[in-house]
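One structure is given below, encoded as structure tokens.
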Amino acid sequence: MSQSTSEQILLHLRGPDRPGVTSRITSIISEENAKLIDLGQSVLNGYLILSAIIALPKNSDALKKILFNAAELGMSLEVRALQSSPEQMNNFQ
């Protein structure tokens, strides 16, 4: 996936941990032909914090689907667009 055909975003998902949260999010990423660049998560006393960097193809519905799935799961979602140089993008390919 080249830089000209995708946009990178940083997601922070927070809320009660339950089975299948990470699987649901990564399934959406895969179904929408997005690229999972990096993912980190931690659980503290039943509370999940998941962060991911994703390269989204133009006209992707992945972000909308992630937003509504997060709401269904009772989780909050924070999204930030990332700006990256071509050199940084090459490190992820």
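Would it be correct to say that S76 is over 14 Å from E7 (Cα atoms), touching a His at 6+ places or on another chain (Cβ under 9 Å) and surrounded by 15 or more Cβ atoms within 10 Å (Cβ to Cβ)?
no
In the list L67, L48, which residue meets the criterion of being assigned to a strand (DSSP E or B) and modelled with pLDDT of 95 or more?
Answer to the check: L48.
Within segment 21-65, which residues are of a type outside the set (V, I, T) and out of contact with any strand residue (DSSP E or B) (no Cβ under 9 Å at 6 or more places or on another chain)?
Once the filter is applied, which keeps residues that are of a type outside the set (V, I, T) and out of contact with any strand residue (DSSP E or B) (no Cβ under 9 Å at 6 or more places or on another chain), segment 21-65 yields S23, R24, S27, E31, L44, N45, N59, D61, K64, K65.
Can you name every residue in segment 36-51 that is in contact with a Leu (Cβ under 8 Å, 6 or more places away or on another chain) and open to solvent by 30 Å² or more (accessible area, probe 1.4 Å)?
L39, G40, Q41, S42, I49, S51
Report whether or not I54 is surrounded by 15 or more Cβ atoms within 10 Å (Cβ to Cβ), assigned to a helix (DSSP H, G or I), modelled with pLDDT of 95 or more and of a type outside the set (D, E, K, R).
Taking the combined requirement at face value, the residue does not satisfy it.
Looking only at segment 1-35, filter to residues that are out of contact with any Pro (no Cβ under 8 Å at 6 or more places or on another chain), open to solvent by 70 Å² or more (accessible area, probe 1.4 Å) and within 16 Å of L82 (Cα to Cα); which one of those is modelled with the lowest pLDDT?
S4
The values are calculated or read from the model by the stated rules, or taken from the named source; none is laboratory data. Everything numeric in this text was worked out from a predicted model, so none of it was measured. Note that each Cβ is placed from the backbone with ideal geometry, even for glycine, and that neighbours are counted across all protein chains shown. Side chains included, ligands, DNA and RNA excluded: accessible areas come from the protein's heavy atoms. Shrake-Rupley method; radii C 1.70, N 1.55, O 1.52, S 1.80 Å.
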